[in-house]
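Everything below concerns the one structure shown next.
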Number of protein chains: 2
Amino acid sequence: MDKVTTEKREYLEKAALTVRTLSMDAIQKANSGHPGLPLGAAELGAALYGEILKHDPSDPKWVDRDRFILSAGHGSMFLYSLLYLSGYEDVSMDDIKAFRQVGSRAPGHPEYGVTGGVETTTGPLGQGLATAVGMAAAETMLAARFNTEEDMIVDHYTYVLCGDGCLQEGVSGEASSLAGRLGLGKLIVFYDSNKITIDGSTDLSFNEDVAARYRAYGWQVLNGSMYDFEEIFRLVAEAKAEAERPSLIVLKSIIGKGSPHKQNTADAHGAPLGADEVVATKAALRVSGDFFVSPSAVAYFKMKQTEWKKNREDWERRFAAWSRKNPEKRAEWDLFYSGAYMPASLPVYAVGDKAATRAAGNKALRSVAKANQNLVGGSADLKGPNAVGFDTDPFSMTNRLGRYIHFGVREFAMAAISNGIALHGGLRVFCSTFMVFADYLRPALRLSALMKQPVIYVLTHDSIYVGEDGPTHQPVETIASLRLIPGVTVLRPGDAEETAVAWEMAMENRDGPTVLALSRQTITVFPKGDPDWKNTIKVGAYIVRKENNPDVVIIATGSEVNLALSAATLAEESGKKVQVVSMICRELFERQPVLIREALVPPSVRVVAAEAGVKSGWEGLADAVLSIERFGESGPADKVAEHLGFTVEALAKLIEAEPV
Amino acid sequence: MDKVTTEKREYLEKAALTVRTLSMDAIQKANSGHPGLPLGAAELGAALYGEILKHDPSDPKWVDRDRFILSAGHGSMFLYSLLYLSGYEDVSMDDIKAFRQVGSRAPGHPEYGVTGGVETTTGPLGQGLATAVGMAAAETMLAARFNTEEDMIVDHYTYVLCGDGCLQEGVSGEASSLAGRLGLGKLIVFYDSNKITIDGSTDLSFNEDVAARYRAYGWQVLNGSMYDFEEIFRLVAEAKAEAERPSLIVLKSIIGKGSPHKQNTADAHGAPLGADEVVATKAALRVSGDFFVSPSAVAYFKMKQTEWKKNREDWERRFAAWSRKNPEKRAEWDLFYSGAYMPASLPVYAVGDKAATRAAGNKALRSVAKANQNLVGGSADLKGPNAVGFDTDPFSMTNRLGRYIHFGVREFAMAAISNGIALHGGLRVFCSTFMVFADYLRPALRLSALMKQPVIYVLTHDSIYVGEDGPTHQPVETIASLRLIPGVTVLRPGDAEETAVAWEMAMENRDGPTVLALSRQTITVFPKGDPDWKNTIKVGAYIVRKENNPDVVIIATGSEVNLALSAATLAEESGKKVQVVSMICRELFERQPVLIREALVPPSVRVVAAEAGVKSGWEGLADAVLSIERFGESGPADKVAEHLGFTVEALAKLIEAEPV
């Protein structure tokens, strides 16, 4: 970038000024919010949205736009001010004036899906950066697949703004280490280094050498000032020139800059400046009135809008030309970006076949991945145990076409990166670890759900039947805990056949994340009482063992379906008619109309549920539950089950008990 | 340490040999386990347990022992072999032969409370190291308080053995960064650097410069070989000589060393070597027979036992002398190490007083902390918002008597460090963050529960009443998810008065972790229908509004008790008699005998539950639930509640509905 002209500098200064005025007034009016970042980083915002980002506010979903992630999501007014100034329709002055009010497109933290121009939901610290790593990875994957020597159809950068908080969180470290390994050169992270967090000086708990740490991860680290446009442009140019390493640009800054009495103190971080200080700040900034917008800034962005639109239209033309030259690639592109599931030829099993559902999951994955070349994913260093290898090479610095991602022992970053891949568009993604370690990635799964992203979580070793590894590795409460998160679909297939259908259901679910809960242990394929079960199961359950006017219905999930079938046989001997329902997804079933629910579980019949985990959540459906209300034990799976009283006999006893 | 004599070297080699033979045979017999680490790090084990650790197997709970944490918990046979050799009674040859069987004191992963000599439960990677940071911090706190110029009563080291997996996990980075800031010079971490993880070479996903990263955290980093005793002793001496920085000792090693065909491959990591390879390994090691124990190793440890015992008895004598010289300190010591709650003079409120329960929590904390000088704790950079400041200085490098810990924005490490402080003994500990970020620390809370450690989790901003910060900051499923973990006691007090009692209950609960779920918003103190409520509440619930032969009982928690009281008043107008029960702890209530439960919630009466979160878990107690089954929204708290239909009117309507 050339020397910044006086004219441009003035424009940018006015834009920064407007970020400050809009932010402080919106926060003051809401009587809630975080002025520290928008005031402290306003210059970077002006530089980014005015000069650095390749974007077109008239088409916020343009696939080849640069991504910008405000990882320090509490500074949301930074983003809204800039989206408003840039001309994103979604953020009107009314929205800004209704900052943090119900129904405003300027909610407390940036929310994906609520506001055009917001690339991901942020606020839970550290995750924005990790999600950006996923976006940058996705860019390289799609670039490798679709670009030709003549045409760079996919060619964009991923920028992040993060603060001290994000860099203290472990997830950012996990993701940054992997980004270094993967050589994501088009990832550029700005570190708003103001040395202040909520508690006060970062010295209280955080005096490490962040630059050295990032160099250790294999990043390029650059240093500059937040308030020198020329320097910012020069550093971004340096970052862009580095093709093989992500860049961390450390910008020394002053939190709440412009507020005469609060800048450079923790007071500026997370509370409105206060009416008096707003007056003082406006006086210092030499502006008057509320929600001041600099006319020069408006004129500047108006001018830029024309340029941006032209730039995007140029890309559209190049894309059209590329499409003509590469019709096959274009057809694949359309498939990729549609996100639709291409039906796979799923593996077939016979009654009596024996397979762990993780193994059956692997067969299904291989078919699905073959039919859906846009599916990428991997495991947190458990490729073998999770059984998630498929016919591809590892994604790496030298092989961007590899679709298997070695995430390393980094569950949380894995899930956040998967969110980034999903959000980027063009790819479907799965990730995997042991079920019990869903706890490690839970905050990112929550964001998958909140953002309605179709990330598939393959979580194997799904109960105490893990066996020898013991209670640290045996989930008892984990499946129940995942079902609690609004919008998460938990599928726990009962055998290999159900597992194949479960993979299909996961791929068909594009409204949010799906968890596939799969067994470590071998399970026998059982006969299905419903000849149309492959359709019925999509309501969340179907009848495995049918009885007319049953005395009891057992609802079972996963490996407990076979247990239920055995208990039913046992109960038959004492004259009880037992219907068995395999409930692959309780959430789906519970959403069905009464008619459908009662077709599976007739009213006024004793209902017993069986799941190798806590009973909480089943009481609404069942009169009794065969459950496990304590941590497990180390031992062979069957011995552990026996030790915990989780047996066919115990289930049969619950069948026999008098209805309550 | 002097030059290692030939005799000592031979002893140590035989000890290392025995670690290898016992480990491979136990794993082979169990047909399950991880030989890679015990075989690869056997020499360090011999050096540690034979020469480096200050311990006495005849008194595994000796308070001034060095702590050793096997953070790479999957290598549990490393630990069991060495505990057995050293003479810890808890690990017999029978236990080793029953490795990974139900009832064995050699379970799959090391479990605190199951096996004497195991300092913490490990297996979930990264947490062992973070927990060790807590132990090392606790040592400095107690040393500062109890040591005198004459007597060093508290003076021990905390050693950790971790592998590549632990160092990839974000939690270890969080904790290490804080350990650097806190200058925990008596923390010494060995890094078993074998460059292999489950998926294969660490190069697949982890090529960062770990040494440089640790230097960036402010650690001393030393390098050596796993197989050079002299070097190990020299490096440990160097680590001990460094008083102000924790030390990372990077030991180059070979995974599965000794196994001719599997060493240095991922195959050695997590599966038995196989019968043939066990034979080949024994041949290579020149031993025969199963579960071979070297007689020289036994003789060596026998000799050491005498030395260790004498050393510990010397300490006992010094402790007795110190006690005589410092009777006040000794009295305080006894109080500290008893762990018992010293009753505090709790704050008093009047009906109609208004206070957020987080604010009331702060008042209670201040009283409790005054009466219990062994209580330490802090927040993940939310001291003000969580309201957890109390009358003390920050714990720091220069003030080891400070009791407030600035954990930084590191929720997960905070909880793991708190586990370490609790496990160390002598201190009580609390930690805090926003309720929604319980997800970030969940894996450590699970370990608090599994280890029955009385860590107090102060989780504020406990519902959608967080308001403006929006769905990323509004828990809806979080409280329910915490109740699922076996052994976690979740207390959600209804007003300021209940909050004071809740703090007392938390301090009195020494059988596991307690969560205090506290409100951001102001709550009015309500009249209590039960004059003895402060006692009754300890069964988990009491009657706030009493009715003879009520038509309906509302069970409410936290801020919803006032909502229930309003709804009851409203229902009264239409002739319904409504009893209101404040249920501070559902888990406690559910454990009560029927007699007690029915004294609060009469049978055959319609029951409605009210909690600002998901209904899952309440269906077992209530016929209807006023709940929130979706993510929240950004807006002022009352507006959000109204928008979500979470109102007095909605609750009153549920009262009116016909019993099901």
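All of the numbers you see were taken from the coordinates with simple rules; none came from a lab. Because the structure is a prediction, the values reported are computed rather than measured. Counting neighbours? That spans all protein chains shown, and the Cβs are built from the backbone with ideal geometry, glycine included.
Side notes on the structure shown:
- Cα gyration tensor, region B:6-310 - rounded (a/c under 1.5), prolate or oblate: oblate
- Looking at region A:270-342, the trypsin sites (Lys or Arg not before Pro) that sit in a DSSP loop and have at most 14 other Cβ atoms within 10 Å of their own Cβ are A:Arg286.
- Residue order for B:Thr433, A:Thr306, fewest other beta carbons within 10 angstrom first, comes to A:Thr306, B:Thr433.
- Inter-copy label distances at B:Gly389 (7 Å, Cα→Cβ; nm, one decimal): 5.7
- Crossing angle, helix A:229-241 versus chain A [Cα axis fit, 0-90 degrees, rounded to tens]: 50
- For region B:376-460, trypsin sites (Lys or Arg not before Pro) meeting the loop criterion (DSSP other than H, G, I, E, B) and having at most 14 other Cβ atoms within 10 Å: B:Lys452.
- Number of partner chain Cβ atoms within 10 Å, mean per residue of B:481-488: 6
- Left without a cysteine partner by the 4.7 Å Cβ rule in chain B: B:Cys431, B:Cys585.
- With both residues required to sit in the protein assembly as shown, DSSP beta bridges show an antiparallel share near 10%.
- Shortest-first distances to equivalent copies, position A:Lys309, nm, label 7 Å out along Cβ: 9.1
- Stretch in chain A that is longest and holds no GluC sites (Glu not before Pro) that DSSP places in a loop and that have at most 12 other beta carbons within 10 Å: A:245-660
- Dipole check for the protein assembly as shown: with +1 at the C-beta of Lys and Arg, -1 at the C-beta of Asp and Glu, and the Cα centre as origin, the magnitude is about 920 Debye.
- Value of Rg to Rh for chain A (Rh from inverse mean 1/r over Cα pairs, i.e. Kirkwood): 1.03
- Positive dipole terminus of the protein assembly as shown, leading residue within A:Ser338, B:Leu346, A:Pro57 (C-beta point charges): A:Pro57
- Antiparallel beta bridges, as assigned by DSSP with both residues in chain B, represent about 10 percent of the total such bridges.
- Local net charge near A:Gly389, Cβ-Cβ under 12 Å (Lys/Arg +1, Asp/Glu -1): +2
- Summary for A:Leu401: label point 7 Å along Cα→Cβ; distances to the equivalent points in the other copies, ascending, 6.9 nm.
- Backbone phi angles across region B:642-657, fed through the Karplus curve with coefficients 6.51, -1.76 and 1.60 (θ = phi - 60°), yield HN-Hα couplings of 4, 4, 8, x, 9, 9, 4, 4, 5, 5, 4, 5, 5, 5, 5, 4 Hz in residue order; Gly and Pro are listed as x.
- Ranked list, fewest to most other Cβ atoms within 10 Å of each Cβ, for A:Ile96, B:Ile417: A:Ile96, B:Ile417
- Percent antiparallel among DSSP beta bridges (both partners in region B:536-656, rounded to 5): 20
- Summing Cβ point charges (Lys, Arg +1; Asp, Glu -1) relative to the Cα centre of chain A gives a dipole of roughly 1140 debye.
- Residue order for A:Ser338, B:Ser634, fewest other beta carbons within 10 angstrom first, comes to A:Ser338, B:Ser634.
- Distance between modelled label sites at B:Lys354 and B:Asp391, nm, 7 Å Cα→Cβ extension: 2.9
- The Cα atoms of region B:536-656 give a gyration tensor whose axes a ≥ b ≥ c have a/c of 1.5 or more with a/b no greater than b/c, which makes the shape oblate.
- Since only A:Cys431, A:Ala641, A:Ile523 are under comparison, the one whose Cα sits farthest along the positive direction of the charge dipole of chain A, derived from C-beta charges on Lys, Arg, Asp and Glu, is A:Cys431.
- Net charge contributed by nearby residues that have their C-beta within less than 9 Å of A:Ala42 (K/R +1, D/E -1): +1
- Evaluated with a Cβ-only charge set (Lys, Arg +1; Asp, Glu -1), region B:6-310 carries a dipole of roughly 340 debye about its Cα centre, given to the nearest 20.
- Sparsely packed loop sites in region A:603-660 (the trypsin sites (Lys or Arg not before Pro) outside DSSP H, G, I, E and B with at most 16 other Cβ atoms within 10 Å) comprise A:Arg630.
- A:Ala356 long-range amide H proximity, modeled H, under 5 Å: A:Ile523
- Other residues lying with their Cβ under 10 Å from the Cβ of A:Val625 contribute a combined charge of -3, Lys and Arg counting +1, Asp and Glu -1.
- Amide H contacts of B:Ile69 (H built 1.01 Å from N, in plane; Pro and chain starts excluded): B:Tyr159, B:Val160, B:Leu161 sit under 5 Å, all sequence-distant by 5 or more or on other chains.
- Legend: distances between Cα atoms for B:Lys3/B:Lys195; A:Lys363/A:Lys576; B:Lys304/B:Lys452; B:Lys8/B:Lys309; B:Lys302/B:Lys452; A:Lys8/A:Lys282; pairs beyond 26 Å are B:Lys3/B:Lys195; A:Lys363/A:Lys576; B:Lys304/B:Lys452; B:Lys302/B:Lys452.
- Anisotropy class of the protein assembly as shown from Cα gyration tensor, a/c 1.5 cut: rounded
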